[in-house]
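> Can you read through this structure? Questions will come right after.
The values are calculated or read from the model by the stated rules, or taken from the named source; none is laboratory data. This one's a predicted model, so the numbers in the text were calculated from it and none came from an experiment. Note that each Cβ is placed from the backbone with ideal geometry, even for glycine, and that neighbours are counted across all protein chains shown. Heads up: the accessible areas ignore ligands, DNA and RNA and are worked out on the full protein's heavy atoms, side chains in. Shrake-Rupley method; radii C 1.70, N 1.55, O 1.52, S 1.80 Å.
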Amino acid sequence: DLREGGAAGARGARPRRAEPSRGAPLPPSRGAAGGPAGPGLTSPHRRTMPRTIVIGAAGAVGKRLCAALRKAGTEVIAADRLKHMPSTVRAVAHKFVGEVDVRDPESLNKLFRDHGNEQTNVWNLAAPLSVETALSPELSEQIVIGGMKNTLAAMQKVGCRRICFTDSIGSFGATAPRDDASASWLVDNPTQDPGSDYGIQKRRVRELLNEFRVKHNGDPRIAVLPGVLHSAPVWGNGTTEYALDALLAASRGRVYDCPIEPDTQLPMVYVEDLMRGLVALQYAKEEELREPERLYCIPGVSFSPRQLFDEIRHFAPDFKESYGPTNENMLKFSKLWPDSISAVEAERDLDYTPDVNLPRIVASVLNEHSSRNISNK
């Protein structure tokens, strides 16, 4: 799911950020925290460009992560099950490898034989979204759990240690804190019921990664993502994607039928903020990561459908919404997940705080959709 920034009236402590006016241009990236090979470094002592293999590079997060890593000074090896990569990935990746299915051990073994070594970083982003998992849990398990087992096995064959994984707020169940939920709560409460196959599968991956760290001297890092907001024209079937559906409907002058309750708060993050957080997590020195099992929430902003729709009307005054019919899975997940996630740990260890608030998210996404609508006429 795509996730959040900082809206007026949202609950939970908010990390510090400037509050720009609506429609203000987005700020340039501040760069990520890191060691001597960190992003933006131009020192002559840097001998080689760090290499990162991104599995699932053609997905919503993968495409943007490839671009962010390239900008940060990383050699990007983009891998995906698709035979042909999207042009946005081909434009930024140093190399792209198609037909890499995480369910197929041999395709992963070849990927790592050709492009992996002891210094290679890895992102495994191959995973269905929450509603997709609920509709096909067996297939999702093959991809998420089986795929991670295959990835770790292929990494070990070439001595690769560092792997990054995107967990989700879907890992939190009904007993989790409602406000400022921290990733460490998941570590401290390993038997809590996340209330879905989606959350159970994420937990099993965390267990696999911790085993990799303890038994094989691995260096796993886990980002717990809220809903991810962006201006791309397509996205998957998740819970927090209701916000993307609403923004698209507003840009086209359509009434939006909201599938969740109007005052349900959910944490989100704008994709530009998310990329800074993910790059910072990859580049951080091991000794700087003080959280148990190296789990970090990447916060943005929390808001409800009602708050989002009120903000949309600042830009599209005629926008109208209705509530219902509800989506059974989306309604269930929206009530299980926390209202906000903690910003403390990512700021302390990754030097990450979100910059983009709700008015700027709405303005940016509506502007992109409107431009696209005009060009398609």
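> Label Q142 and R178 with points 7 Å out from Cα along Cα→Cβ: what is the distance between them in nm?
That separation, rounded to one decimal, is 4.1 nm.
> How many times 2.2 N^0.38 Å is the alpha carbon radius of gyration of the chain?
0.94
> Next up: Evaluate the Kirkwood expression for the hydrodynamic radius of segment 182-327, namely the inverse of the mean inverse distance over all pairs of different C-alpha atoms, and round to one decimal in Å.
17.4 Å
> To the nearest 10 degrees, how steeply does helix 105-115 sit against the main Cα axis of the chain, on a 0 to 90 scale?
Approximately 70 degrees, to the nearest ten.
> Share of the chain's accessible area from carbon and sulfur, percent, 1.4 Å?
Roughly 49 percent, rounded to a whole number.
> Taking the Cα centroid of segment 98-118 and of segment 137-206, what is the distance between the two, rounded to the nearest whole Å?
21 Å
> Based on Cβ point charges of +1 for Lys and Arg and -1 for Asp and Glu, what charge dipole magnitude is obtained for segment 148-206 about its Cα centre, in debye rounded to the nearest 20?
That gives a dipole near 500 debye.
> Which residue fluctuates most in the GNM of the chain (Cα springs below 10 Å): N329, N237, N189?
N189
> Where nothing but the Cβ of Lys and Arg (+1) and of Asp and Glu (-1) is charged, how large is the charge dipole of segment 218-377 around its Cα centre, in debye to the nearest 20?
Dipole magnitude for segment 218-377 comes out near 660 debye.
> Moving to a separate point now. In what sequence, largest accessible area first, do V255, V97 appear using a 1.4 Å probe?
Correct descending sequence by accessible area is V255, V97.
> Considering only DSSP beta bridges whose two residues both sit in the chain, what percent are antiparallel, to the nearest 5?
Looking only at bridges with both residues in the chain, the antiparallel portion is about 10 percent.
> Also, quick follow-up: As a test of the formula, what do you get for the chain when each DSSP H run with n ≥ 4 contributes -39,500 (n - 2.57) and the sum is divided by the residue count, at 222 nm and rounded to the nearest 500 deg cm²/dmol?
Result for the chain, helices only: -11500 deg cm²/dmol.
> From the phi of every residue in segment 288-295, what ³J(HN,Hα) in whole Hz does the Karplus formula 6.51 cos²θ - 1.76 cosθ + 1.60 yield, where θ is phi - 60° and glycine or proline is x?
Each residue of segment 288-295 in turn: 7, 8, 9, 6, x, 6, 6, 9 Hz.
> For the chain, build the charge dipole from Cβ charges (+1 Lys, Arg; -1 Asp, Glu) around the Cα centre, then report which of T52, F315, P325 sits farthest towards its positive end.
Of the listed residues, the answer is T52.
> Output wanted: per-residue J couplings in Hz (rounded whole) for segment 261-270, from phi through Karplus 6.51 cos²θ - 1.76 cosθ + 1.60, θ = phi - 60°, x for Gly and Pro.
6, x, 10, 7, 7, 9, x, 9, 8, 6
> Keeping all protein chains in place, calculate the accessible area per residue for the chain (probe 1.4 angstrom), answer in Å².
Accessible area per residue: 42 Å².
> Of the cross-linked pairs K149/K202; K157/K215; K63/K95; K149/K332; K157/K285, which ones have a Cα-Cα span greater than 19 Å in the structure shown?
K149/K332; K157/K285
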